[in-house]
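To keep things clear, I will list the structure first and then write my remarks on it.
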Amino acid sequence: MSNAGERMLSGKRVLLVIGGGIAAYKALELIRRLRERGASVTPVLTRAGSEFVTPLSVSALSGQKVFRDLFDLTDEAEMGHIELSRSADLIVIAPATADLMAKMAAGLADDLASTLLLATDTAVLAAPAMNVRMWGHPATRRNVEALKSDGIRFVGPNQGDMACGEFGPGRMAEPAEIIAAAEAMLSQGPLAGRRVLVTSGPTQEPIDPVRYIANRSSGAQGTAIARALAGLGAEVVFVTGPADVAPPEGVEVVRVNTACEMLEAVQSVLPADAAIFAAAVADWRVKSASDSKLKKKPGALPALEFEENPDILATVSGMGQERPVLVVGFAAETDDVIGNATAKRARKGCDWILANDVSPATGIMGGQENAVTLITADGAEDWPRMSKREVAERLAQRIAGALA
Ligand code: C5P
């Protein structure tokens, strides 16, 4: 990575709230990485946090005094808690424990961390970490939803082995992911303050518990678009089917399998300023997929009956008040690309269609390059063949122009 990339947080002031959880050890690494990138880090350690990492380590790594107690009069004389909460460019909570999030959702202010978080008018990024059951508990689900609608941004938690021996979502995001999310939030790019939804990848439609119908989409173009939009400062929500390509860092990822799940996820994350539908959604699903594995019977082939999947792009394009200002669809065609894509734009009711020729001879499906035509109300505009990353960057710039 370039030096410029490494110093992307140059001059930024981060207030880091370290909650009480085993993931607090990663906060030490986070402090180092934030400082490497040019940020200053003012640490706030909760009482429970100090059971996991010592104030000495935190202050040695941050090079700053550790704020711990609301009623520390010296601190109030030097810097009141209100000022402390507002003098930062960004507040990062890592780890954000179930308890701290519950306090925030309820508006409690019974210690320094919760008081700062209630008093602040600064952007807040939370990196939750907790046991998988605690993360899945309805109370935590409610609190996360409430905090999201209050404008708190989240990074993680990730799925994986946990310190408590269980497996599932609950592991705190890695320092690099937290930093990517922080950079996206602090970006001064033309899409700063804009929320953009991107769908990506294939969907899998079950036949029975072990078999499914899917397609060859790798998720490469959708991932590149999400990354490019985040690079221009957008808050990106990335709804993805089971793709080959890993989702970009610094975006909110919602994983789904089927088209119906994708529609539900899309509806739950709206409103957004723009929505880009790059997913290759299955047109049909198997009607009454079997709950048990279909058995091979000599001479008797299973007859699969299909039913139509919801058209997510058309559904969102037809929304009333919640419709994003800009809705962009894709059209993968093998012949009469412009004619078919222009008709598709009208049929789906979206604003733009990015059309491409996916005939096997082009090598585009699953490849690194793309040759697209942008179809808008003003007509068709051919873009030269370029990498999927360049297509994504050009599209992101156009979206920024349209939302300006
Ligand atoms: O109809 P067709 O699949 O060719 O349209 C492609 C566009 O529509 C893509 O943008 C795709 O993401 C979107 N789509 C969708 N839901 C479907 C089918 C397609 O959002 N069920």
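The values are calculated or read from the model by the stated rules, or taken from the named source; none is laboratory data. Computed from a prediction, not measured in an experiment: that's the story for all the values here. Counting neighbours? That spans all protein chains shown, and the Cβs are built from the backbone with ideal geometry, glycine included. Only protein heavy atoms, including side chains, enter the accessible area calculation; ligands, DNA and RNA are left aside. Shrake-Rupley method; radii C 1.70, N 1.55, O 1.52, S 1.80 Å.
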- Message: Tell me which of ILE207, ALA400, ALA119 sits at the most positive position along the dipole axis of the chain, charges placed on C-beta atoms (Lys, Arg +1; Asp, Glu -1).
- Response: ILE207
- Note on the structure: Mean 1/r over distinct Cα pairs of the stretch 279-383, inverted to a Kirkwood Rh in Å, yields 16.3 Å
- By how many nm would the segment from THR54 to LEU108 lengthen if fully extended, with 0.36 nm per residue of separation less the alpha-carbon distance? 16.9 nm
- Message: Just to check, using Stokes-Einstein with a Kirkwood Rh over alpha carbon pairs, what's the diffusion coefficient of the stretch 3-186 at 4 °C and 1.567 mPa s in µm²/s?
- Response: 80 µm²/s
- Query: What is the pair-distance distribution P(r) of the chain, computed from all Cα-Cα distances in 20 Å bins starting at 0, with each bin given as a whole percent?
  - Reply: 25, 50, 22, 2, 0
- Distance in nm between ALA404 and ALA214 label points, each 7 Å along Cα→Cβ, equals 4.1 nm
- Quick note, the stretch 85-196: a/c under 1.5 would make it rounded; otherwise a/b > b/c is prolate and the rest oblate (a ≥ b ≥ c, C-alpha gyration tensor); here it is oblate
- Once you have all Cα-Cα distances for the stretch 195-403, histogram them in 10 Å bins from zero and send the whole-percent values. 9, 34, 36, 15, 5, 1, 0
- Query: Rounded if a/c is under 1.5, else prolate if a/b beats b/c, else oblate: with a ≥ b ≥ c from the C-alpha gyration tensor eigenvalues square-rooted, which is the stretch 152-257?
  - Reply: oblate
- Order the peptides 124-133, 254-263 from the highest to the lowest mean number of other Cβ atoms within 10 Å of their residues. 124-133, 254-263
- Output the antiparallel fraction of DSSP beta bridges having both residues in the stretch 195-403, as a percent to the nearest 5. 40 percent
- Applying 1/(1 + (r/R0)^6) with R0 = 45 Å to the Cβ-Cβ distance of TRP284 and ARG86, what FRET efficiency is obtained, to the nearest 0.05? 0.25
- In the stretch 195-403 the accessible area split gives carbon plus sulfur, as whole percent at 1.4 Å, a share of 49 percent
- What spacing in nm lies between the two simple spin-label points modelled at GLU264 and ALA371, each 7 Å away from Cα in the Cβ direction? 4.2 nm
- Taking every DSSP bridge whose two residues both lie in the stretch 280-396, the antiparallel percent to the nearest 5 is 70 percent
- Task: Just the Kirkwood number for the stretch 182-240, please: inverse of mean 1/r across all distinct Cα pairs, in Å, one decimal.
- Result: 12.8 Å
- Query: In the chain, what percentage of the DSSP-assigned beta bridges are antiparallel, given to the nearest 5?
  - Reply: 30 percent
- Message: With angles folded into 0 to 90 degrees, how steeply does helix 24-36 sit against the dominant principal axis of the chain? Use alpha carbons for both and round to 10.
- Response: 80 degrees
- Each label point is 7 Å from the Cα along the Cα-to-Cβ direction; what then is the distance between the points at ARG385 and ARG47, in nm? 6.7 nm
- Message: A 24 angstrom limit on the alpha carbon distance is what I want to check against. Which of LYS148/LYS348; LYS12/LYS388; LYS344/LYS388; LYS148/LYS344; LYS148/LYS388 exceed it?
- Response: LYS148/LYS348; LYS12/LYS388; LYS148/LYS344; LYS148/LYS388
- Task: Using a 10 Å cut-off on Cβ atoms, rank the peptides 354-361, 369-376, 51-58 from the highest mean neighbour count down.
- Result: 369-376, 354-361, 51-58
- Note on the structure: Here, GluC sites (Glu not before Pro) of the stretch 142-182 satisfying both criteria (DSSP loop; at most 16 other Cβ within 10 Å) are GLU166
